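Structure first, commentary second.
FYI, it's all coordinate maths here, none of it is from the lab. Just so it is clear, the structure is predicted and the values come from calculations on it, not from any experiment. Positions of Cβ are generated from backbone atoms using ideal geometry, with glycine treated the same way; all protein chains shown enter the neighbour counts.
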There are 2 protein chains.
Amino acid sequence: MQTLTVELADRSYPINIGAGLLRQESLLQAAVLARDILLVSNTTVAPLYADAVRQSLGDRRIIDVILPDGEQHKSLATAGRVFDVLIANRFGRDALVLALGGGVVGDLAGFVAACYQRGIDYVQVPTTLLAQVDSSVGGKTAVNHPGGKNLIGAFHQPREVFADTDVLATLPDSELSAGLAEIIKYGLLADRSFFEWLEANMPALRRRDPQALAHAIYRSCQIKAQIVERDEREQGERALLNLGHTFGHAIEAATGYVEWLHGEAVGVGLLLAASMSQRLGALSAADVRRVAALLERAGLRTSAPQIGAATAADYMRIDKKVQGGRVRLVLLTHLGEAYITGDYADAALRSTLQEYFGA
Amino acid sequence: MQTLTVELADRSYPINIGAGLLRQESLLQAAVLARDILLVSNTTVAPLYADAVRQSLGDRRIIDVILPDGEQHKSLATAGRVFDVLIANRFGRDALVLALGGGVVGDLAGFVAACYQRGIDYVQVPTTLLAQVDSSVGGKTAVNHPGGKNLIGAFHQPREVFADTDVLATLPDSELSAGLAEIIKYGLLADRSFFEWLEANMPALRRRDPQALAHAIYRSCQIKAQIVERDEREQGERALLNLGHTFGHAIEAATGYVEWLHGEAVGVGLLLAASMSQRLGALSAADVRRVAALLERAGLRTSAPQIGAATAADYMRIDKKVQGGRVRLVLLTHLGEAYITGDYADAALRSTLQEYFGA
């Protein structure tokens, strides 16, 4: 097991990464001191891992909330039902929320923990690769609104994160690939040598080699943690983590958040960011081909739905990254370094959108 | 105009107190830089002051959300409707929420600002005495749940507060008295000479003398600010501000939050805290009589509803102040100093509850 600490003064917390964490009974017991625990999971994950977690926690009062699986349940209404359970069981400020699941469970349970009695502790046990490298790190919690994703939320850091690579064994291939998209993102935005390591080790990652996965998760969390430590509340630099996301959100929104996994959309978004960066003279055509090739080898798509450039541009404007009426983008200076800007040639954006989304 | 700064590092903000603030057009204009403003108010306050605020803000995009008046609308469902308005108008992270009203409007609008896109700015224009001395200071935002008050919320400091004593002219007498209960609380918990000043100046406050009101508001906000500065998230000392509240919450809860104003219930709660402190040997009978006399002269009740001690004790346990199964209380060492404890003689609590709530 490797442990990485996210350094945020009194909100610092450890991320534990490795194989078999949930089977080590003493691990969760030592980390979780609360007597009252709300275990939030979903109908897919709970049958697989809830018993192991319960056993690992030992003798506590554990109340389950098992949500239906799916992004559409990450809503204020679902959060309301979780509050109901906390209150019906008279959970106090010293209770703890334990999120066992992917990003939907983690974001929603974290949001509930952020708001219940103005903030109680929570622990993340992410069960998807994407949640392990992204949503469980950095304290962004949220629910969706019909008008847009993650529009209602809070910054609330977990007490501890347990990323057990064993749970990835039951992950569908498409979800493994979706997680790999976020991992590729970290290489692209911050670490060229990690990008090259991914090029060399993609086969090992696809066959779920525990050591390769643990390294990829560790390095991804480390890159994210370093950025979050410098800019917890996304006043500036943290927006780098949105590389590929503004393009990706347009794909998700245009397809109603059901056809495309978040990570799949981010994957294509990375390619659009690279392609636009090439148009702006920063990347070479060979660089863009390397990005596309790595995405393909990760089992990801490299073409966008043909919704038309105008529609895509419109969806990008609904995203949270609009400032003073202008969409801010994360672009690349080269493979391994990104920057945030609202100051770019509109023609470059337009032709990028036309190439990928159609005229 | 007097200005007091709540010192909370990058979350510091000024509270402006005085007569005619809303008529000074340049004041709000200078404080509010956002172009997009959501003006949250209620059906009682908006007809009186919304035009003045709009005029004072000058040329912006101002969208109104006028809520029905009443504590029962301080709910997650109402917050949901305010989110809908923000999103329907495509308000971005640089938009600002302006709360114009009493505690219900301020707490709800503040909670919405805390969660919208994980936190946008808000400004408080409190229009009740209670909101001016209490809910607009310190960043506690929340909505109620059928299971208890303020159970869903966030800590989110406003950018600026404007407490205009002129708006108190239209306040019903009962609401003026309710605000005076919180003001008496500050004297009792932190400043004996302020308590004595209140004894001397209660007639001026009751006839709404602007200078007396401005002084009482300033000193109350100052006491609250000093405590909040040392303990923003209520890890310890801030709980002193709950003096009278745990007893008061039992009254409000037992009477369905409609018969008693919050401040009225707190007023009787102060008397119970004093009375229990006498039973524990800290206060004299004369001290308790002084508290009762000041409450009476403030136009407040000094007797509780006859719900029975057992029922009252049960409602106290639902309050947020329970820790490890034991209700923590704020009690007095003498007039002008309070302390927090879970370590008290149960008999003293029981006999206090029996005296005020009946056997």
Largest-first principal axis extents of the Cα set of the stretch A:45-99 (Å)
32, 28, 13
Could you calculate, for the stretch B:9-76, the ratio of the Cα radius of gyration to the Kirkwood radius, expressed as Rg to Rh?
1.00
Can you list the residues, at least 5 places off or on another chain, whose amide H is less than 5 Å from the amide H of B:GLN117, using H built in the peptide plane?
A:ILE152, A:GLY153
Could you grab the relative contact order for the stretch B:125-220? Cα pairs under 8 Å, six or more apart, rounded to a whole percent.
31 percent
Counting pairs of alpha carbon atoms under 8 Å apart in space and at least six apart in sequence, what relative contact order in percent does chain B give?
15 percent
If you build the Cα gyration tensor of the stretch A:113-228 and take the root of 5 times each eigenvalue, what three semi-axes come out, in whole angstrom, biggest first?
27, 15, 14
Find the Cα radius of gyration of the stretch B:265-359, compare it with 2.2 N^0.38 Å by division, and give the number to two decimals.
1.03
Here the gain from full extension of B:ALA77 to B:GLU7, 0.36 nm per residue of separation minus their alpha-carbon distance, amounts to 21.9 nm
In nm², what is the average projected area of the convex hull enclosing the Cα atoms of chain B?
16.1 nm²
Quick one: order A:TRP260, A:TRP197 by neighbouring beta-carbon count within 10 Å, fewest to most.
A:TRP197, A:TRP260
Once both label points are put 7 Å beyond Cα along the C-beta direction, the A:VAL258-B:ASP173 separation in nm becomes 6.2 nm
Copy-to-copy label separations for B:ALA313, where each label sits 7 Å from Cα toward Cβ, in nm and ascending
7.1
Spherically averaged projected area in nm², based on the convex hull that wraps the Cα atoms of the stretch B:12-132:
7.0 nm²
Between A:GLU229 and B:ARG233, what's the calculated FRET efficiency when r is the beta-carbon distance and R0 is 22 Å? Round to 0.05.
0.60
Normalised by the number of residues in the stretch B:173-357, what is the relative contact order in percent for Cα pairs under 8 Å and 6+ residues apart?
29 percent
Which of A:LEU270, A:LEU168, A:LEU33 moves most in a GNM of chain A, Cα contacts under 10 Å?
A:LEU33
Once you place label points 7 Å from the Cα toward the Cβ at A:SER351 and B:ASP314, how far apart are they in nm?
7.5 nm
Other copies of A:GLN55: label-to-label distances in nm, shortest first, labels 7 Å along the beta-carbon direction
7.3
Length gained when the stretch A:ASP94-A:ALA19 is fully extended (0.36 nm per residue, less Cα-Cα span)
24.0 nm
For B:ASP173, place a label point 7 Å from Cα along the Cα-to-Cβ direction in every copy; what are the distances to the other copies, in nm, shortest first?
8.0
Over the protein assembly as shown, how many percent of alpha carbon pairs lie in each 20 Å bin up to the one with the longest distance?
17, 46, 29, 8, 0
Quick one: grab Rg to one decimal and Dmax as a whole number for the stretch A:112-170, Cα atoms only, in Å.
12.7, 37
In which sequence would B:CYS115, B:CYS221 go, from the one with the fewest C-beta neighbours within 10 Å to the one with the most?
B:CYS221, B:CYS115
Just how far, in whole angstrom, is the stretch B:290-359 from the stretch A:106-120 if you go by their alpha carbon centroids?
30 Å
Using the 10 angstrom Cβ neighbour count as an exposure proxy, how do B:MET276, B:MET202 rank, fewest first?
B:MET202, B:MET276
Whether the stretch A:153-210 is rounded, prolate or oblate, judged on the alpha carbon gyration tensor where a/c under 1.5 counts as rounded
oblate
How big is the stretch A:173-357 by Rg and Dmax over its Cα atoms, in Å?
15.4, 46
